[in-house]
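The values are calculated or read from the model by the stated rules, or taken from the named source; none is laboratory data. Bear in mind that the values here come from a model prediction, so they are computed numbers and not experimental data. No Cβ is skipped: glycine too gets one built from the backbone with ideal geometry, and neighbour counts run over all protein chains shown. Ligands, DNA and RNA are excluded from the accessible area calculation, which covers all protein heavy atoms including side chains. Shrake-Rupley method; radii C 1.70, N 1.55, O 1.52, S 1.80 Å.
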Amino acid sequence: MAVLGKIRSKGIFLIAIIGFGLFAFIAEELFRSCESTRNDQRQQIGEVLGEKISVEQFQKLVDEYTEVIKMQQRTESLNDEQLNQVKDMVWNTYVQSKLIEKEAEDLGLRVTDTEMQNILKLGTNPMLQQTPFVNQQTGRFDANALQQFLAEYKKNANNPQVTQQYERIYKYWTFVEKTLRLQILAQKYQNLLASCLLSNPVEAKMAFEEENQESQIQLAAFPYSAIDDSKVTISDADLKAKYNEMKPRFQQYVESRDIKYVDIQVTPSAADRMAIQKEFQGYFKTISESADPSEAVRKSTSAIPYLGIPAPKDFYPMDIAQRLDSMAVGQTYGPVENKQDNTMNLIKLVAKVSLPDSIQIRQIQVGAATPDAAHRTADSIYTALKGGADFEALAKKYGQVGEKTWLTAQQLISSVYQTNTEDNRKVVNAFMNTSVNEISNLSLEQGNIIFQVLDRKAFKEHYTAAVVKKTIEFSKDTYSAAYNKFSSFVSANQNSADIVKNAAKSGFKLQEAKDVTTAQHYLAGIHSTREAMKWLFAAEEGDVSPMYECGDNDHLLVVVLDKIHAKGYRQLTDSDVKEAVKAEVMKDMKADMIMAKLNGVNSLAAAKSKGGQVSPVNQVTFAAPVFIISTGASEPALSGAVAATGAGKFSAKPVKGNAGVYLFQVVKKSNRPVKFDQATEERKLKQKAMQNAGNFMNELFIKANVVDNRYLFF
């Protein structure tokens, strides 16, 4: 009982301890849950219609489309700019596909397999023309060739000799098919919208007359520029009233930010240039005296490797190509600086020969468990072909197509450039120098290629050239000096006012960029500024960034966040908005002043006496805004007023335009010598409706609450 009494006496204390323990347990679970949610959010590239896409999902789509571009351009790699274009394309396609799919689902629209088959059989869709299944004789997509490939792909799924090649083509086709389905679905949706905008004979007749009835006028123009701005008084009430009228123009659908920044690009010093000149003098001596310059070029780390085979002139960079024609075989030229690409260059022309610019071949690639086994199989195939066996039949026997293919010299040389292996050089030399119709058995390190050259076209000069091209780079000392100077400036100016005030005094240029959004790849157009972008969209107005080393390891950057423009309507306090509103108010007030002066004017003579600039204007139609030379502006309102005024009549009242006020006399009205065709006009109106319906995507985008976080990852 004593123990129970003690427990009762400590009851409130015990309850508090138990309650705290329960709270700690719940809080721990809540913290874990929140942390898990934050981790998920950190991996989200964006959001469309409430559906999130992760980094992994987006990267998979990017990789897929990258392979498509590589295949279309016949290249093995893309540069940074191309990769950025791919990422933009993938993102835009992803967003559009989600918007269309949602609308189509609500409306019950879909693309059936039967529709797809009909499109493939017809073979006229432009996307199909970009596939490998185009008949070379007809130039049209061949559905049978596609079906044959799909059957071969399934049949050879486990054949290591052909799996990689087939897999790449198969992935390319699945991408085309998926994109084609989306394209057709979007067309269906657009056609549905366009069908809501009908054309009829009455509208067609009116549109024809508006386009083909021309007026000749005598115009009296009163430009707004004739009135000095100082003579116009604008109040805050005027600005506010005009802002409310124009407010829809100032809506923005994504947040943007204005920045001020100081950026310096480190460049080579005079000492750096002298050092590379001395380095190139050594290359000149070695290469000019060497019969085989390959090792010297390799050691120089030139941007252009020595291939040791003839290449067309356009394979080389333009500055090198322009020099080759004027050089003699064995001559060494340089060193010479190219200021356009900031390089030092040296060229030795090793050989010059006339070769075809394109060849048609067919081939059988022979591989096996060992090179010896491959050589024996190749010998057997070669003997059979020399004995009259059918090339394509033998190719199919070994799991290949053996079809005729055109290859350009540029493609062949690029393959050597990308790998620079002895086997590739042997293949290209053999392809380019083998006679037409000759069958060859080329032995390589891991197997054989049996090929036949069927045609050779467009012979032109090819050049074997040893090129040393190196960027003129700044030294560590040069970079260190620039870094220390800029770092001292940033350290001494810790707030935005000081950065703005002292940049020029310290020898730096203060720059600005407006309306930066998360969709941009680079801040201020400078490479490798993702960290600066991440800082920018987490900062507050007036914040100053850390100093960033960015660009191609040659830029130093500090950023000031000047202004945040939230999603929604920009206010009149925004300087850009205020200027735009003020310009419209100024125009309105000047128009009122001019129109008051013109009250009662009913002739050209009277208009001229009031200061009007009189001139003839011909071919005025209702369908297009007339351009007025005296004011330098297009004036849709004037076109409408002229169309409503009869021949010989003077304008009923002054016309307020974009750049002035106008009075006019209609001298003559006439119709162009064009015959009315109702069907043609209705078709044109239908096309215009389709174009208008094409703007639907922007409306869907606005309502989809799209979130774009790509800047956090790419």
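Which residue pairs have Cβ atoms under 6 Å apart, sit 6 or more places apart or on different chains, and have a first residue in the range 422-448 that is more than 20 Å from Asp357 (Cβ to Cβ) and a second that is open to solvent by 50 Å² or more (accessible area, probe 1.4 Å) and among the hydroxyl-bearing types (Ser, Thr, Tyr)?
Asn441/Tyr382
I'd like the residue in the range 517-544 that is touching a residue at least 60 places away in the same chain (Cβ under 8 Å) and closer than 17 Å to Asp554 by Cβ and, out of all such residues, is surrounded by the most Cβ atoms within 10 Å (Cβ to Cβ).
Per the criteria, the residue is Leu523.
Applying the selection to the range 199-232, what residues are touching a helix residue (DSSP H, G or I) at 6+ places or on another chain (Cβ under 8 Å), surrounded by fewer than 16 Cβ atoms within 10 Å (Cβ to Cβ) and of a type outside the set (Lys, Arg)?
Residues satisfying the conditions are Asn200, Pro201, Glu203, Glu210, Asp229.
From the list Ser225, Ser215, exactly one residue is among the hydroxyl-bearing types (Ser, Thr, Tyr), part of a helix (DSSP H, G or I) and more than 30 Å from Leu99 (Cβ to Cβ). Which is it?
On inspection, the qualifying residue turns out to be Ser225.
Return the total of residues in the range 320-341 being open to solvent by 50 Å² or more (accessible area, probe 1.4 Å) and not in a strand (DSSP E or B). Before the answer, list the steps.
Step one: of the range 320-341, the residues open to solvent by 50 Å² or more (accessible area, probe 1.4 Å) are 322-323, 325-326, 328-329, 331, 333, 336-337, 339-341.
Still in the list and also not in a strand (DSSP E or B): 322-323, 325-326, 328-329, 331, 339-341.
The number of residues fulfilling the criteria is 10.
Of everything in the range 275-294, what is assigned to a loop (DSSP other than H, G, I, E, B) and either closer than 13 Å to Val467 by Cα or at pLDDT 95 or above (or both)? Give them in sequence order.
Hits for the range 275-294 are Asp292, Pro293.
Residue check: is Tyr94 closer than 23 Å to Gln183 by Cα and either in contact (Cβ under 8 Å) with a residue 24 or more places away in the chain or out of contact with any His (no Cβ under 9 Å at 6 or more places or on another chain) (or both)?
When the stated conditions are applied, Tyr94 passes them.
For (1) of a type in the set (Lys, Arg); (2) touching a strand residue (DSSP E or B) at 6+ places or on another chain (Cβ under 7 Å); (3) on the phi > 0 side of the Ramachandran plot; (4) at pLDDT 85 or above, each residue gets a yes or a no:
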residue: Thr370; (1), (2), (3), (4): no, no, no, no
residue: Lys386; (1), (2), (3), (4): yes, yes, no, yes
residue: Gln400; (1), (2), (3), (4): no, yes, no, no
residue: Gln410; (1), (2), (3), (4): no, yes, no, no
residue: Ser415; (1), (2), (3), (4): no, no, no, no
residue: Thr419; (1), (2), (3), (4): no, no, no, no
residue: Glu422; (1), (2), (3), (4): no, no, no, no
residue: Ile439; (1), (2), (3), (4): no, yes, no, yes
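Might you check whether a residue that is modelled with pLDDT of 50 or more, basic (Lys, Arg), farther than 23 Å from Ser414 by Cβ and in a helix (DSSP H, G or I) occurs anywhere in the range 40-51?
Yes.
Looking only at the range 154-168, filter to residues that are surrounded by fewer than 17 Cβ atoms within 10 Å (Cβ to Cβ) and in a helix (DSSP H, G or I); which one of those is modelled with the lowest pLDDT?
Thr163
Are any residues in the range 482-516 in a helix (DSSP H, G or I) and open to solvent by less than 60 Å² (accessible area, probe 1.4 Å), and if so, which ones?
If the condition is that a residue be in a helix (DSSP H, G or I) and open to solvent by less than 60 Å² (accessible area, probe 1.4 Å), then Ala482, Phe486, Ser487, Phe489, Val490, Ser496, Asp498, Ile499, Asn502 are the ones that fit.
Return a yes/no flag: does the range 282-292 have any residue that is within 30 Å of Asp455 (Cα to Cα) and open to solvent by 50 Å² or more (accessible area, probe 1.4 Å). Spell out the reasoning first.
Here is the first cut: in the range 282-292, the ones within 30 Å of Asp455 (Cα to Cα) are none.
So far as the range 282-292 goes, no, none of its residues is within 30 Å of Asp455 (Cα to Cα) and open to solvent by 50 Å² or more (accessible area, probe 1.4 Å).
Those residues that are farther than 16 Å from Val655 by Cβ, surrounded by 14 or more Cβ atoms within 10 Å (Cβ to Cβ) and among the hydrophobic types (A, V, I, L, M, F, W, C), I need them from the range 568-596; list them, please. Talk me through it step by step, then tell me what you get.
Within the range 568-596, the subset farther than 16 Å from Val655 by Cβ is 568-586, 589.
Now narrow it down to the ones that are surrounded by 14 or more Cβ atoms within 10 Å (Cβ to Cβ): 569-570, 572, 574, 576-578, 580-582, 584-586, 589.
Correct list: Leu572, Val577, Ala580, Val581, Val585, Met586, Met589.
Just a yes or no: is a residue in the range 52-62 out of contact with any Pro (no Cβ under 7 Å at 6 or more places or on another chain), outside any helix (DSSP H, G or I) and not hydroxyl-bearing (Ser, Thr, Tyr)? Let's see the steps before the verdict.
Here is the first cut: in the range 52-62, the residues out of contact with any Pro (no Cβ under 7 Å at 6 or more places or on another chain) are 52-62.
Now drop any that are not outside any helix (DSSP H, G or I), which leaves 52-54.
Pick out the ones that are also not hydroxyl-bearing (Ser, Thr, Tyr) and you get 52-53.
Yes, the range 52-62 has at least one match.
Just a yes or no: is a residue in the range 267-288 closer than 30 Å to Val544 by Cα, β-branched (Val, Ile, Thr) and in contact (Cβ under 8 Å) with a residue 60 or more places away in the chain?
yes
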